[in-house]
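K.L.:
Before I ask anything, here is the structure I am working with.
The values are calculated or read from the model by the stated rules, or taken from the named source; none is laboratory data. The structure displayed is predicted, hence computed values, not measured ones. Note that each Cβ is placed from the backbone with ideal geometry, even for glycine, and that neighbours are counted across all protein chains shown.
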């Protein structure tokens, strides 16, 4: 068989260069916004960012990028009160303080998402209202090992919430889930209501250069515009914004989980720029102000009022690194580039698992080109799903790898690593190349299962948690307190606990995957729960 793709695509490219032909539609303009999140020695939590375009007269036009915690996973509009404590990949509490300026300028509203049982102050949620969670981790206490590792310790189940009606939100719901059996029927609407999935990007790692690329649509003609960028960071404390000013909620169940997160509010950059028939560049180094620390108002406040940190790397006004490139110094740079690129990249070839452990996997592939199998792609888009197959239909809604490998010349072997995976769990990965005009090539897929949990790598979330769906379910909490206050104070009790911790992780992994086994485990645990409940301790 002959491969006709290359000759025909080459012919199409020649036609594109001929004036007056329909193939001239390969022309495009892209906006490339580059910056570097500054590392912070005292705060390992990453940045959240959103960029949007307005006219010079202040009319909102479009959101051109948004980090996926807000744009895809809906942290601005999820169940639970907004002042819940936070921690690594925290699952609950609507973070209305993340992008208050953007939220008040885009002109859209959504129904507020609430817990199905209506108890907005309780982290615990019933098992029959909780489905498998493929992104967020269970709430942690700061003393738990998984806190420092910044990873999910085990598979958990969460209440995805319900459109309660009556209250509205300026943030979209999450867009990464399909309705499961315990979920409210309104969950099926979440995906349809979120318009930001196509511009949602993985949160850039601190200390790593990042670029967001936006293909300019026909609705944005040549002219002068303004780019706004809002940058937020949890736990960014200083003398003004700290747990004393914004403390943990009091008098709520499980208040000992997590820590107060509300430090300095988001900061805002404003950068005028132009879209022309020739390349243009705009830069900025300074914020124009900060947002309402309560998230209620959408005004921009003066950063010279002495409340914001201005010169500590990774904090306040210095959340973005000061860069120097091509003779200019900036924190954010926008380059508007008219281009012609009709031919999409080829698909990444020969995907293989080069290495895998219980917590990570390295995948190899043969690099495609920018134009089919010629040249070098502009970037790779790598996404994955947990426990289900990734396809062309669900690729855009899947989890994005935050720091994918940089493309090399077509035909070369490339490797990338997925970190923070769960043991003995099915993962499905898709990768595609994107060219200078943001044309995406065909996607290649591969699936694999991580290895068993390492010896000694245990977690507090075992059989009871798998059965009840949450480490904070009332009966699980009671069993844990009985373990700590009674069993561990005797030799036989301690032996029983250690035996349980040795064998139950593998069992809980199986239990957690099956609704039938979860129900069976609850039946088995029922008499134990009843005896412990009757025991005075």
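K.L.:
List the strands (runs of 3 or more DSSP E) inside the range 57-136, counting only whole elements, that have at least 1 residues being farther than 21 Å from residue 189 by Cβ.
P.N.:
Answer list for the range 57-136: 60-67.
K.L.:
Where residues in the range 327-346 are touching a strand residue (DSSP E or B) at 6+ places or on another chain (Cβ under 8 Å) and surrounded by fewer than 20 Cβ atoms within 10 Å (Cβ to Cβ), which of them is farthest from residue 36 (Cα to Cα)?
P.N.:
Here the residue is 340.
K.L.:
Across the range 209-240, what is the total count of residues that are under 23 Å from residue 140 (Cβ atoms) and in a loop (DSSP other than H, G, I, E, B)?
P.N.:
Summing the residues that are under 23 Å from residue 140 (Cβ atoms) and in a loop (DSSP other than H, G, I, E, B) in the range 209-240 gives 5.
K.L.:
I'm told residue 391 meets every condition in (1) farther than 29 Å from residue 174 by Cα; (2) surrounded by fewer than 18 Cβ atoms within 10 Å (Cβ to Cβ); (3) at pLDDT 90 or above except one. Can you identify the failing condition by its number?
P.N.:
It fails just one condition, (1).
K.L.:
Do we have residue 369 as surrounded by 17 or more Cβ atoms within 10 Å (Cβ to Cβ) and at positive phi here?
P.N.:
In short, no.
K.L.:
Now a separate question. Considering only the range 330-338, I want to know if a residue exists there that is more than 27 Å from residue 168 (Cα to Cα) and at pLDDT below 95.
P.N.:
yes
K.L.:
Take the conditions crowded, with 17+ Cβ neighbours inside 10 Å and touching a residue at least 60 places away in the same chain (Cβ under 8 Å) and apply them to residue 269. Does it pass?
P.N.:
Against the criterion (crowded, with 17+ Cβ neighbours inside 10 Å and touching a residue at least 60 places away in the same chain (Cβ under 8 Å)), residue 269 qualifies.
K.L.:
Report whether or not residue 235 is surrounded by fewer than 19 Cβ atoms within 10 Å (Cβ to Cβ) and either touching a strand residue (DSSP E or B) at 6+ places or on another chain (Cβ under 9 Å) or touching a residue at least 12 places away in the same chain (Cβ under 8 Å) (or both).
P.N.:
Answer is no for this residue.
K.L.:
Using the structure shown, decide if residue 165 is crowded, with 21+ Cβ neighbours inside 10 Å, touching a strand residue (DSSP E or B) at 6+ places or on another chain (Cβ under 8 Å) and assigned by TED's automatic domain parsing to the domain that holds residue 187.
P.N.:
Spelling it out, it is not the case that residue 165 is crowded, with 21+ Cβ neighbours inside 10 Å, touching a strand residue (DSSP E or B) at 6+ places or on another chain (Cβ under 8 Å) and assigned by TED's automatic domain parsing to the domain that holds residue 187.
K.L.:
OK, next. Taking residue 195 and the conditions (1) farther than 30 Å from residue 32 by Cβ; (2) surrounded by fewer than 17 Cβ atoms within 10 Å (Cβ to Cβ); (3) under 21 Å from the mean Cα position of the chain (by Cα), which numbered condition does it fall short on, given that it satisfies the others?
P.N.:
Exception for residue 195: condition (1).
K.L.:
Further question on the same structure: Somewhere in the range 138-145, is a residue buried (at least 20 other Cβ atoms within 10 Å of the Cβ), under 21 Å from residue 451 (Cβ atoms), in contact (Cβ under 8 Å) with a residue 12 or more places away in the chain and out of contact with any strand residue (DSSP E or B) (no Cβ under 6 Å at 6 or more places or on another chain)?
P.N.:
Looking through the range 138-145, none of the residues is buried (at least 20 other Cβ atoms within 10 Å of the Cβ), under 21 Å from residue 451 (Cβ atoms), in contact (Cβ under 8 Å) with a residue 12 or more places away in the chain and out of contact with any strand residue (DSSP E or B) (no Cβ under 6 Å at 6 or more places or on another chain).
K.L.:
Shifting gears a bit: Looking at this structure, is residue 358 outside the structural domain of residue 105 (by TED's automatic domain parsing) and not in a strand (DSSP E or B)?
P.N.:
Yes: the conditions hold for residue 358.
K.L.:
Which members of the range 170-192 meet the condition of being more than 19 Å from residue 135 (Cα to Cα) and either under 15 Å from the mean Cα position of the chain (by Cα) or buried (at least 20 other Cβ atoms within 10 Å of the Cβ) (or both)?
P.N.:
170
K.L.:
Which residue, of 439, 403, is outside the structural domain of residue 217 (by TED's automatic domain parsing), within 22 Å of residue 135 (Cβ to Cβ) and either touching a strand residue (DSSP E or B) at 6+ places or on another chain (Cβ under 6 Å) or modelled with pLDDT of 50 or more (or both)?
P.N.:
403
K.L.:
Oh, and also: Anything in the range 248-279 that is part of a strand (DSSP E or B) and in contact with a helix residue (DSSP H, G or I) (Cβ under 7 Å, 6 or more places away or on another chain)? List them, or say none.
P.N.:
Passing the criteria: 267, 268.
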